[in-house]
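Visitor: One structure, pasted below without further comment.
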Amino acid sequence: MTLTISVIVMLVTYICGAITKIFIEEIPNRYIPIQNVIIGIISGVICFFIEIDDNIIESILICLMSALSAGGISDLVDTNKKANINDIS
């Protein structure tokens, strides 16, 4: 179940990211958490309707936590890379 939820969150994130890149040149960083919340909700609804989880609230919350955690980890990695580049120069 956990692996399937992760795959669904990943696919929804990829699709939303591709759609965003097509229609919007660059999203300001302040809108990325909102995008992650939308991805979590969409993923949770998908997981509920393909019967991975039988409780829609639980499904949405799990996918929401997964999407927001992935966004936080991505920000952490980007911040670390920028800090290391600034230290070298």
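Visitor: Can you tell me how much longer the chain between Leu68 and Thr20 gets when fully stretched, taken as 0.36 nm per residue apart minus their C-alpha distance, in nm with one decimal?
Guide: 15.5 nm
Visitor: Same structure, new question: Quick check: at a probe of 1.4 Å, how many percent of the accessible area of the chain sits on carbon and sulfur atoms?
Guide: Reported share for carbon and sulfur atoms: 67 percent.
Visitor: Tell me, what is the FRET efficiency for Leu61 and Leu3 to the nearest 0.05, using R0 = 25 angstrom and their Cβ-Cβ distance as r?
Guide: Here the calculated transfer efficiency is 0.90.
Visitor: Against the longest principal axis of the chain, how steep is helix 2-23, in degrees 0 to 90 to the nearest 10, with axes from Cα atoms?
Guide: Approximately 60 degrees, to the nearest ten.
Visitor: Now a separate question. I'm spelling it out carefully: the read-out is volume of the Cα convex hull per residue in Å³, the candidates are [x] 101; [y] 110; [z] 79, and one was derived from this structure. Which label?
Guide: Computing volume of the Cα convex hull per residue in Å³ and matching it to [x] 101; [y] 110; [z] 79 gives [x].
Visitor: What accessible area per residue, rounded to a whole number of Å², is obtained for the chain using a probe radius of 1.4 Å? Show your work: numbers first, answer last.
Guide: Working: 6660 Å² over 89 residues.
Value for the chain: 75 Å² per residue.
Visitor: Which angle between 0 and 90 degrees, to the nearest 10, do you get for helix 32-49 versus the longest principal axis of the chain when only C-alpha atoms count?
Guide: Result, in degrees: 20.
Visitor: Further question on the same structure: Using the basic label-point model (7 angstrom from Cα toward the beta carbon), what is the Asn29 to Ile50 distance in nanometres?
Guide: The two pseudo-label positions are separated by 3.3 nm.
The values are calculated or read from the model by the stated rules, or taken from the named source; none is laboratory data. Given the structure is predicted, the values throughout are model-derived calculations rather than measurements. Positions of Cβ are backbone-derived with ideal geometry, glycine not excepted, and every protein chain shown enters the neighbour counts. Note: areas computed on protein heavy atoms with side chains; ligands, DNA, RNA excluded. Shrake-Rupley method; radii C 1.70, N 1.55, O 1.52, S 1.80 Å.
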